[in-house]
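Participant: Sharing a structure below in structure tokens format, with a few things to ask.
The values are calculated or read from the model by the stated rules, or taken from the named source; none is laboratory data. Quick caveat, the model's predicted, so the values are computed rather than measured. Heads up, the Cβs are rebuilt from the backbone with ideal geometry, glycines too, and the neighbour counts pull from every protein chain shown. Keep in mind that these areas ignore ligands, DNA and RNA; they rest on the heavy atoms of the full protein, side chains included. Shrake-Rupley method; radii C 1.70, N 1.55, O 1.52, S 1.80 Å.
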Amino acid sequence: MERRARYVELRVSYRSILVVLAAAAVVALVTTWLAETRQAVTSGSGAHFGHGADLSGCGPSVEDSVVYDRDEDILAVQMVRNRGRWPVEVASREPEKFRFGRLAEHPRDDVMFPNPRDGAPDDGETSDRVVIPPGREVTMWIADPFPDAPMEPGSFVGITTAPVMVSSLGVAQETEIELYHPIWMTGSRFDGDRLEAALDEVCAELR
């Protein structure tokens with residue numbers, strides 16, 4: 001018996017094709033938007049690390065770091081910038097350690113940030129979250145970011161990022177803001193100004 005092949009005619013309407021293409025475009029746009037929102041918040045134009053000893057004075061061959069004495073209260077500031085194309089809300093995931101100052105009234109004042117050596121701001125001057133317009137910067141305060149635990153002399157504990165949530169159009173994503181310098185606390189005692197002066201002398205001899 002001769003078998004004949006059977007063919008099934010599949011009809012796809014022009015409207016169905018348009019729906020599929022539109023859905024694919026929406027998915028691509030949302031994926032791009034989510035990625036750009038997560039990557040939009042970065043380190044800004046400056047930072048000041050208070051009384052910590054800056055160990056970056058010997059140039060780019062030495063890892064940029066800031067070290068604090070174990071008995072010293074850590075208080076530092078860093079600018080945080082929105083490099084995206086739309087406003088982004090940034091919320092600290094550890095608000096007891098990382099908090100935000102207010103957005104300046106004029107963009108030209110974004111680069112002006114307080115000196116942490118003058119002391120911590122009043123409670124009402126900072127918040128656990130802030131909305132940053134595109135291209136703008138705000139101050140992030142860093143206060144005692146290490147756990148209150150005994151440390152052995154010569155030991156170190158450090159951080160390199162600040163954990164935050166970034167939100168746009170009601171969608172929140174976890175991300176990290178890179179710190180200008182790693183911040184370290186040592187279990188030893190030292191005088192920060194003396195240590196920096198000694199390092200400057202050593203670096204001067206190496207140049």
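Participant: Looking only at region 105-132, which residues are at pLDDT 95 or above and of a type outside the set (D, E, K, R)?
Facilitator: Scanning region 105-132 gives T126, S127, V130, V131, I132.
Participant: Taking the condition of being of a type in the set (S, T, N, Q), at pLDDT below 95 and out of contact with any Ser or Thr (no Cβ under 8 Å at 6 or more places or on another chain), how many residues in region 133-160 meet it?
Facilitator: 1
Participant: Taking strands (runs of 3 or more DSSP E) that fall entirely within region 79-163, which contain at least 2 residues that are open to solvent by less than 70 Å² (accessible area, probe 1.4 Å) and more than 17 Å from G50 (Cα to Cα)?
Facilitator: By residue number, 88-92, 129-132, 137-143.
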